[in-house]
Amino acid sequence: MPSQFTKDALSQRISWDSIDTEYIDSIIAQAKAEDMSGLGLKKTLSHPLDVTSEIISNTDKGKASLIARETFTLCGLNMVPLILKHYDPSLTFSTNHQDGESVTDDQSFGIIEGSSKSLLQAERILLNFLQYLSGIATTTKTYCNCLGDSETRLLDTRKTTPLYRILEKYAFVCGGAYNHRYGLYDRIMIKDNHLAVLESKKDHSLAEQIEQLRSRFPSLPVQIEIDSLTQLQSVLSARPDCILLDNFSINDTKEAIQIINKQAYTEASGGITLAHLAELKAIGLDFISTGAPIHQSQWVDIGLDWQ
């Protein structure tokens, strides 16, 4: 493989420790304000209020278990203590599990203790994040299981919920897969519309224009997307690190891999389903990218049962 970049460099795995806690705290603060103050409406409360829980004494103490109502892959456990802190720093969370592990129906995977009123206020926001992120991790795990022991790696995309991208990409990793680029800043990614603009400039070849970008950003990999075999030769002349085969048929994907012949890493994308994975996993691709486990996932069922 002539690329200066390794396969690991083109398929990252975000860890919880690399996520900015200020970013997490800002999301939690907005979620709390939405629930208790009406954030998003023109008229909001000046002080957070849970009118129903006002019937509960401030001195009442409670204990509740997080219970799986189905089998799924955990994600979001690291957020639980951060969420609780926003409601009441005296609330405590204990668990013997970690993100990426599987739990089964009716299994307890954590205990929360402290002020009953505060716990009731935090319950829905806490469950929302756990159900949402675990849903992504669980769907991703299904896709990864379909790949089995294939050397082809599953990547995500930038088709993420605005402002929730890092959390969603983290959940994707918890499901066993890998991250593509995090944004517009960390990879030179020439897509179809970029190609249309670049190829309209007749005074410079595509290879020359790519080389200009590469000289400005030497630490970044170069990836070029194509949607037909006829584009391959001109794209190969630009010496990309990776070529993305967008919406190729199985036969055209096989032919493209033969033509590329390890002159660049190969990635398939576009309309990827579990059925596609079953067909693509054994033909020699380096990567398959899909946004489906994020934007098509379903929340998992989790309960908070009082003890």
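The values are calculated or read from the model by the stated rules, or taken from the named source; none is laboratory data. None of these values were measured; they are calculated from a predicted model. A quick note on method: Cβ atoms are made from the backbone with ideal geometry, for glycine too, and the neighbour counts reach across all protein chains shown.
I want to confirm something. Restricting to the range 273-297 and keeping residues that are in a loop (DSSP other than H, G, I, E, B) and touching a strand residue (DSSP E or B) at 6+ places or on another chain (Cβ under 6 Å), which single residue is farthest from LYS169 (Cα to Cα)?
LEU285
Within the range 123-157, which residues are among the small types (Gly, Ala, Ser) and more than 14 Å from LEU167 (Cβ to Cβ)? It would help to see each step written out before you state the result.
As a first pass, look at the range 123-157 and keep what is among the small types (Gly, Ala, Ser): 134-135, 137, 148, 150.
Correct list: GLY148, SER150.
Does the range 260-288 hold any residues that are of a type in the set (Ser, Thr, Tyr) and either surrounded by fewer than 21 Cβ atoms within 10 Å (Cβ to Cβ) or not assigned by TED's automatic domain parsing to the domain that holds ILE188 (or both), and which are they? Steps first, please.
Going through the range 260-288, the residues of a type in the set (Ser, Thr, Tyr) turn out to be 265-266, 269, 273.
Selection gives SER269, THR273.
All but one of (1) more than 25 Å from PRO221 (Cα to Cα); (2) in contact with a helix residue (DSSP H, G or I) (Cβ under 8 Å, 6 or more places away or on another chain); (3) buried (at least 18 other Cβ atoms within 10 Å of the Cβ) hold for GLN98; state the number of the condition that does not hold.
Checking GLN98 against (1) more than 25 Å from PRO221 (Cα to Cα); (2) in contact with a helix residue (DSSP H, G or I) (Cβ under 8 Å, 6 or more places away or on another chain); (3) buried (at least 18 other Cβ atoms within 10 Å of the Cβ), the one that fails is (3).
Let me spell it out: the conditions are (1) surrounded by 14 or more Cβ atoms within 10 Å (Cβ to Cβ); (2) part of a loop (DSSP other than H, G, I, E, B), and ILE257 meets all of them except one. Which number is the exception?
Here ILE257 meets the rest and fails (2).
Can you name every residue in the range 260-271 that is in contact with a strand residue (DSSP E or B) (Cβ under 6 Å, 6 or more places away or on another chain) and either charged (D, E, K, R) or in a loop (DSSP other than H, G, I, E, B) (or both)?
ALA264, GLU267, GLY270
Working only within the range 60-85, note down all residues that are more than 25 Å from THR139 (Cα to Cα) and crowded, with 19+ Cβ neighbours inside 10 Å.
The answer is ALA64, LEU84.
Checking the condition at pLDDT 95 or above and aliphatic (A, V, I, L, M), which residue from VAL235, VAL222 passes?
Of the residues listed, the single one that is at pLDDT 95 or above and aliphatic (A, V, I, L, M) is VAL222.
Select from the range 127-185 the residues that are of a type in the set (A, V, I, L, M, F, W, C) and outside any helix (DSSP H, G or I) and list them in ascending order.
Here is the first cut: in the range 127-185, the ones of a type in the set (A, V, I, L, M, F, W, C) are 127, 129-130, 133, 136-137, 144, 146-147, 154-155, 163, 166-167, 171-174, 177, 184.
If the condition is that a residue be of a type in the set (A, V, I, L, M, F, W, C) and outside any helix (DSSP H, G or I), then LEU154, LEU155, LEU163, ALA177, LEU184 are the ones that fit.
Is it the case that ALA64 is closer than 28 Å to PRO293 by Cβ, in the same structural domain as GLY114 (by TED's automatic domain parsing) and touching a residue at least 60 places away in the same chain (Cβ under 8 Å)?
In short, no.
Would it be correct to say that SER200 is surrounded by 16 or more Cβ atoms within 10 Å (Cβ to Cβ) and either of a type in the set (A, V, I, L, M, F, W, C) or over 27 Å from ASP286 (Cβ atoms) (or both)?
So SER200 does not fit the description; no.
Would you mind finding the one in LYS191, LYS159, LYS169 that is at pLDDT 95 or above, closer than 27 Å to PRO240 by Cα, loosely packed, with under 15 Cβ neighbours inside 10 Å and of a type in the set (D, E, K, R)? Spell out the reasoning first.
Values: LYS191 fails: at pLDDT 95 or above; LYS169 fails: loosely packed, with under 15 Cβ neighbours inside 10 Å.
Only one candidate qualifies: LYS159.
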